[in-house]
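Below: one structure, written as structure tokens.
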Amino acid sequence: MDDILKTLPSGSPDAAVKMFLDKIVEVNPKVQTGLIKDAFLFAWHAHKDQFRKSGEPFLAHPVATAFILAEQKLDAITIAAGLLHDVLEDTSTTKEELSELFGEEVALLVDGVTKIRALQMRNRQERQAETYRKMLLSMAKDLRVIIIKFADRIHNLRTLKYLEPERIRAIAEETLDIYAPLAHRLGMAKIKLDLEDLAFKHLHPQEYKDIAAKVAEYHFDRETAIDNFASPLRATLEEDKITAVIAGRPKHFYSIYRKMVQRNKPFEEIFDLLAIRIIVNSIRDCYHVLGQIHSMWTPIQDRFKDYISTPKSNGYQSLHTTIFGEHNKIIEMQIRTWEMNEIAEDGVAAHWLYKSSDQVRSFSKEDKTLSWLRNLIEWQKDLTDSAEFYEFFKIDLFHAEIFVFTPRGDLIPLPSGATVLDFAFAVHTQLGLHCTGAKIDSKIEPINATLKNGQTIEVLHSDSKTPSIEWLKDAKTPKARGAIRRWLKNAEKQESVDLGKKIIQTSYKRLHANSSFNEHVPEVLKFLGLSSIERLYELAGTGELPVSRVMQYFHASKIKKKMSSNMVSRLVGTFTGRTQGILVGSSNDNLMVRFAKCCNPIPGDPIIGFVTKGRGISVHRCDCRTSEIFDTDGERKIEVSWDQGEQKKFYVSLELTGTDRPGMLFEISHVLCDSGANVTDAMIKVTNQQARGAFQIEIHDRNQLKQILRRIQKIKGIENVARVKDYITYPGDNTA
Ligand code: MN
């Protein structure tokens, strides 16, 4: 392979493509080369002027990626897509062009491994999370997307040393955080181990070197120990006429390192643990071998696992058992068929090889082996927040699995460490939201009880129980955590809505006691540019929208009203006096209203309002002379009317004439008092038996005045009594 890469791109493309195709056919004899050839030439031209950090032509990278795919015996479409995998990201080629030239499948695969454009994202983390999401969705359409991504990553890891140390670290960490667990989840053990060891080498170079040296040093001892164990087993199986391959499992550097760290043990103790794999021809043979092993050595209780009858969610099948061997050495054993072995090593890629392409391309609903991926795709729909998606993706990739049962015997796979709460949400979201605990194998346990393999769980629930923030500590699965988060967000939102509603309604009432805020909702929303009243309340409740801003609408709308109804509004905002028994237009808003001194209107009088400069609206009787003056100035005239609901007192001046007689003043006073009028000023002047009087009284309305006038008229000696506009004072007169 290296020799081809050396010819790039200085030599002729024709020579290079021929060399490349020869290599491909060498490792993958059945593959059709037509499409691969075209893809090679296209990539050649597209990347012609690009170079990697190492100084080598960029083309070396897609070519090496395609070769890794060819080694895995993948089809021509996948290998072509491997050659083209960076043209969308790094050249001006479009997806449409790819589709036209190489078909939709190739275009979809290449697009699936293309990062989301940085411009569309707020930050690096969001871009990364959304790129994973995109990759996941592309995988759902065609699993080959992720197989190409792995090949891409493997080649990148092999050639990482020219990058900045921080980039190297970031790529290695991402490999261990995302790609290796993802390969594991997809059952691609070989790829997973490759990714891990490559990343480990970059992340912890010294530890890598140490372990590599020790593995070499102890290699012989280990082989001998395995052989010592294998020989008697081989002999027994030969007698039973069972063909079996018994081999030690190669230990991978990263898994040794991880165990050393996790168990806090030295290399020797970890490496000492022997692991053996026995591969046979049939499932029947698997169980037969198991029986023989258990009769020859002592199995360790609780370490036996039957993943043949209950496969892992990535499709993995095997029998696992651990025994005490010679000198009490502990030996882990896996027993499986050849097909199981292929699936264990290559996972979905093995499915790809076994089945016709249409069956695997998008895994079917019935395909239990990929239930994990199906769930992941299902759950990610709810995770609209990138950070949340990233967290969930990472957490979900890591966990080992346990299997528990519903009371009806349905099997529920959960990550290890899952709690009652996780189980409840796995069964049904509503069950989760109201979960109070569970009966685990008939024993009552709280919601945070950790579940163990094989338990039967009956969820206890109550309608009145709802999630709290604490639940996020107790739930481990993304499904449960997502559902709890959504519920809390919703509850929090509802609280904000309720609070905001209270604040706004109260503030409004303070300004406008007599009308309801609800009447103004559509205009207020328009004014603030919001789509719903819920949203308005929510923003007010969280404090994002100050209430004063909402109330501004009412000031603004009044100013508008002023423009349309003459000059009334000029007063608005300046005067906040209470209403005075006068309705301006049809509302009794807080406009300042004064009763004109020139005509002292009383309720019932026909009245008209005039806008005065700086003194509010002055209310005149329609028959007032002043009103005639204003009549010519239509701009300042405003319709006003008496507010029937308001009880207020008005001043009226009366004049009367008559023939004086003793007791007349008393009688007049009596009538006024009796009618409920309050006399504030009075005087009588008598000249030659002729009496003239003037009274100022406080009354409620025009009716009361009418009665008073009628009754005074009836008093003996009174000739005339009338209401006058102005209270007449007589200079030098005495007050009676
Ligand atoms: Mn690449």
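Structure data summary
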quantity	calculated
Close pairs (8 angstrom Cβ cut-off, 6 or more residues apart or separate chains): more than 14 Å from K476 (Cβ to Cβ) and surrounded by fewer than 18 Cβ atoms within 10 Å (Cβ to Cβ) in region 424-442, modelled with pLDDT of 95 or more and hydroxyl-bearing (S, T, Y) anywhere	none
Subset of region 649-670 (residues that are buried (at least 20 other Cβ atoms within 10 Å of the Cβ), in contact with a Lys or Arg (Cβ under 9 Å, 6 or more places away or on another chain) and among the β-branched types (V, I, T))	V652
From T78, T131, residue being within 16 Å of the ligand (Cβ to nearest atom), part of a helix (DSSP H, G or I) and within 20 Å of T175 (Cα to Cα)	T131
Of all residues in region 146-184 being within 13 Å of the ligand (Cβ to nearest atom) and charged (D, E, K, R), the one that is surrounded by the most Cβ atoms within 10 Å (Cβ to Cβ)	R153
Residue check for V106: within 13 Å of the ligand (Cβ to nearest atom) and either part of a helix (DSSP H, G or I) or surrounded by 18 or more Cβ atoms within 10 Å (Cβ to Cβ) (or both)	no
Complete set of residues in region 588-616 that are at pLDDT 75 or above and surrounded by 18 or more Cβ atoms within 10 Å (Cβ to Cβ)	F595, A596, C599, N600, P601, I602, P603, D605, I607, I608, G609, F610
Which numbered condition R117 fails, given (1) among the basic types (K, R); (2) under 17 Å from N156 (Cβ atoms); (3) under 37 Å from the mean Cα position of the chain (by Cα)	(2)
Residue within region 138-145 that is more than 14 Å from the ligand (Cβ to nearest atom) and surrounded by fewer than 20 Cβ atoms within 10 Å (Cβ to Cβ) present	yes
Count - residues of region 136-180 that are basic (K, R) and over 16 Å from I77 (Cβ atoms)	5
Single match in G437, G454, G432 (criterion: part of a helix (DSSP H, G or I) and of a type in the set (G, A, S))	G432
One residue from K251, K241, K312, K305 being free of Cβ contacts under 8 Å to residues at least 40 places away in the same chain and within 25 Å of I402 (Cβ to Cβ)	K305
Candidates D111, D90, filtered to the one that is within 15 Å of the ligand (Cβ to nearest atom) and farther than 18 Å from H45 by Cβ	D111
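Condition check ((1) touching a Leu at 6+ places or on another chain (Cβ under 9 Å); (2) closer than 30 Å to Y208 by Cβ; (3) modelled with pLDDT under 90) across all residues:
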residue	(1), (2), (3)
R258	no, yes, yes
F271	no, yes, yes
L274	no, yes, yes
N281	no, no, no
S313	yes, no, yes
H327	no, no, yes
V348	yes, yes, yes
D358	no, no, yes
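The values are calculated or read from the model by the stated rules, or taken from the named source; none is laboratory data. Worth saying up front: this structure is predicted, and the values here are computed from it rather than measured. As a convention, Cβ positions derive from the backbone with ideal geometry for all residues, glycine included, and neighbour counts pool all protein chains shown.
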